[in-house]
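Worksheet: one structure, shown below.
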Amino acid sequence: MAYPTEYRYTKEHEWVNVAGNVATVGITDYAQHELGDVVFVESPKVGSSVTAGKTFGTVESVKAVSEIYAPASGEVVEANPELQSNPEKINTDPHGAAWLVKIKLSNPSELAGLMDAAEYEAYVAEKQKEASA
Amino acid sequence: MESATTSIGRELRKTALNSVHRRLGAKMVNFGGWDMPVEYPKTGGLVAEHKAVRGGVGVFDVSHMGDIRVRTGRAPGGALAAVQHISMNDAAKLAIGQAQYSAMLYPSGTFVDDVIVHRLGEDDYLLVINAGTREKDIAWVRENTRAFDCVVEELSDAYTQLAIQGPRAADVLQKLTDAPLAPVRNYWFTHGTVCGLANVLIARTGYTGEDGFEIYVPSDVATSEMVWNAVMEAGREFGILACGLGARNTLRLEAKMALYEHEISDSINVLEAGLERYAKFEKPEFIGRDALLAAKAAGITRTLVGLEMVERGIARDGYDCCAESGAAIGVITSGSPSPTLGRNIALAYVPSAMSSVGTEISVVVRGQLYKAKVVPTPFYKRARKTTSVPAD
C-alpha cells in the first residue's frame, strides 16, 4: 500500500494529515500489518487534550495491544465513530476511512521533525530488513 | 503473547521448515528460543487460520516440541515403572497404540511440564513435551529415571512434527497414507506409510480442541518440505491454511488447554489448575503425589476459572483481577478475543471462594476496571462423535 505523499509520519507508525490547524491522525499500513486483525480501538474523548509524544489511545488486535502516541499537542475535536463498531476497517483502509482522531493543534511546529513519505518508506524498509535477517 | 523464555545472545533455533515459513511470508517470532511463525498474513492471518481449523483444516509446524523415548532396559517392565514414577497419570492403563495427557511434577505437586505419553510397544513409551522446557525436561527425566532399568533417549531433533487439525483433517491425511484413519480414536495412534515414508507415527492428538492428527516424520529439510507441500496440496480442496502460533494460542485457549508458564508452572499445583482428573492417586507412588494429597486434604485457596468480559475491554496475559472494591484478587493467565465466539475471554487464577459460575470480578486494563464474569469452560466444545477430553 502506498504511503500518501501529503501525509507526515512518526517513528511510532502514525500518519498525520494537516489541513489548516487541524491534524487528522491514523496508523500506517505497516502498523496495521504488524498488528494483524484489529478488534478494538480506544480513542480519547472529544474535547480532551493530548500531548506530543504521550499515549492517547490504543489499538488492539487479536494477539497484541498497541499504544497510540500523539504526534502533536492539542485538543481532540473528533474521534472516528466508525471504528467503535468496525475496528477491522483499520486493516483495509488505514490511510483513509480508518483515521483515528482529529486534533486542533496548539503548537504546529511540533510536526516539523516528522518524516515525509519517502523517508518513512525507507524507515519501514529498514525495519523489514531487520525482521527478515 | 507466548510463554517464551527469550535466549538473548543465543542464535534462534530453526525447524526444518523455517524457509518454507519465510517463503510463505509468515510473521516470525522468538518462541522459547525458536524462530517460529506467529501468523501468515498473506493467506489471511490469525483469524482466518483460526476459522480454517474450526471449520475446515489447518496445518501447524510444531517441530519445536520435544520427544523423549523411554524404553525397556535389561528386563521388561523398567520403562513402565520409570514412566509411572515421573508422571501423574496411570501409564499402566495404556494399550499399545494409545496415548494419554499427563504431567511431570515436582515433589511439591507443581509442574515440571505437561506431556502426552504414548505407549509405542510392550515396554516402550514416547513422551511429547513442550518446546520452551525441553532442556529442563530431558534433564529431569534422565535424573529421575536413573534408578530404573530403562533407556532414555531424546529424539526431539529426529522429527519434524506436523499438526493437521480441523474437521477435514482426516480427509486430508487419508489422501497421503495407506493407514486407515477412521478406526484411530481420539488419543490413539497408528503407524503407516505417509507420502511414501514408511512407519510414520500418526497420532489423533492436537492442541486446538478440534479433531486432528499429529504426524512425526524425519527432520531433514528435503523430507520435511516434501511432506509439508504434500499436505498443503492434499488440503487445497478443503481450503487448508498454514497456521501459526497465534491461532494455536487462540484455539487452545477456547478449548481451555493449558500453556506452560501461563495456566501451569513450577508454582501452580495440579489441583489449582483443575487437572486433578489426570492425577491417579490410586497409583502407589509418583513424584508429587504426597504433596497433592496433602493439598487436597488442606483445600486449595485459588482456582483456575474461565472469564468472559462483560464490559468493553480485552483481558490479556498478566493483567490483574480485582474485586469490586478494587482489592487485587488474582491474575489473568491467558486472555484474548475469541474468534469463534466473538467475545473477549480469559483464564485466571482467583480465590476459590470466587470461582463459581456467574461471579462478577473486574479486570484491570491500563489502570481501569472492566467487569467480567466467571463462565463455564471450555469456552468452546466441538460437536463430535467421540469424547471431548482425552481419555483420563
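The values are calculated or read from the model by the stated rules, or taken from the named source; none is laboratory data. Only a predicted model underlies this, so the values are computations on that prediction, with no experimental measurement involved. Every residue, glycine as well, gets a Cβ built from its backbone with ideal geometry; the counts of neighbours run over all protein chains shown.
Here is the figure for the stretch B:193-210: residues that are surrounded by fewer than 20 Cβ atoms within 10 Å (Cβ to Cβ) and not in a strand (DSSP E or B) total 2. Every listed requirement among (1) surrounded by fewer than 21 Cβ atoms within 10 Å (Cβ to Cβ); (2) in a helix (DSSP H, G or I) is met by B:Lys283 save one, (2). For B:Tyr159, the requirement of being at positive phi, touching a residue at least 12 places away in the same chain (Cβ under 8 Å) and in contact with a Pro (Cβ under 9 Å, 6 or more places away or on another chain) is not met.
For the stretch A:49-105, filtering for residues that are in a loop (DSSP other than H, G, I, E, B) and either surrounded by fewer than 23 Cβ atoms within 10 Å (Cβ to Cβ) or aromatic (Phe, Trp, Tyr) (or both) leaves 16. For B:Ile332, the requirement of being within 14 Å of chain A (Cβ to nearest Cβ), in contact with a Cys (Cβ under 8 Å, 6 or more places away or on another chain) and either modelled with pLDDT under 95 or crowded, with 16+ Cβ neighbours inside 10 Å (or both) is met. The conditions of being within 30 Å of B:Met232 (Cβ to Cβ), of a type in the set (Gly, Ala, Ser), touching a residue at least 24 places away in the same chain (Cβ under 8 Å) and part of a loop (DSSP other than H, G, I, E, B) are not met by B:Ser108. Residues in the stretch B:254-262 include at least one that is modelled with pLDDT of 95 or more, out of contact with any His (no Cβ under 8 Å at 6 or more places or on another chain), within 14 Å of chain A (Cβ to nearest Cβ) and more than 18 Å from B:Ala103 (Cα to Cα).
Return a yes/no flag: does the stretch A:113-130 have any residue that is within 14 Å of chain B (Cβ to nearest Cβ) and either in a loop (DSSP other than H, G, I, E, B) or in contact with a helix residue (DSSP H, G or I) (Cβ under 7 Å, 6 or more places away or on another chain) (or both). The answer is no, given that none of the residues of the stretch A:113-130 is within 14 Å of chain B (Cβ to nearest Cβ) and either in a loop (DSSP other than H, G, I, E, B) or in contact with a helix residue (DSSP H, G or I) (Cβ under 7 Å, 6 or more places away or on another chain) (or both). Do you know which residues across the stretch B:128-181 are assigned to a loop (DSSP other than H, G, I, E, B), over 20 Å from the mean Cα position of the chain (by Cα) and not aromatic (Phe, Trp, Tyr)? Once the filter is applied, which keeps residues that are assigned to a loop (DSSP other than H, G, I, E, B), over 20 Å from the mean Cα position of the chain (by Cα) and not aromatic (Phe, Trp, Tyr), the stretch B:128-181 yields B:Arg146, B:Ala147, B:Asp149, B:Arg168, B:Lys175, B:Leu176, B:Asp178, B:Ala179, B:Pro180, B:Leu181. For the stretch B:367-374, the count of residues that are surrounded by fewer than 17 Cβ atoms within 10 Å (Cβ to Cβ) and within 14 Å of chain A (Cβ to nearest Cβ) is nonzero.
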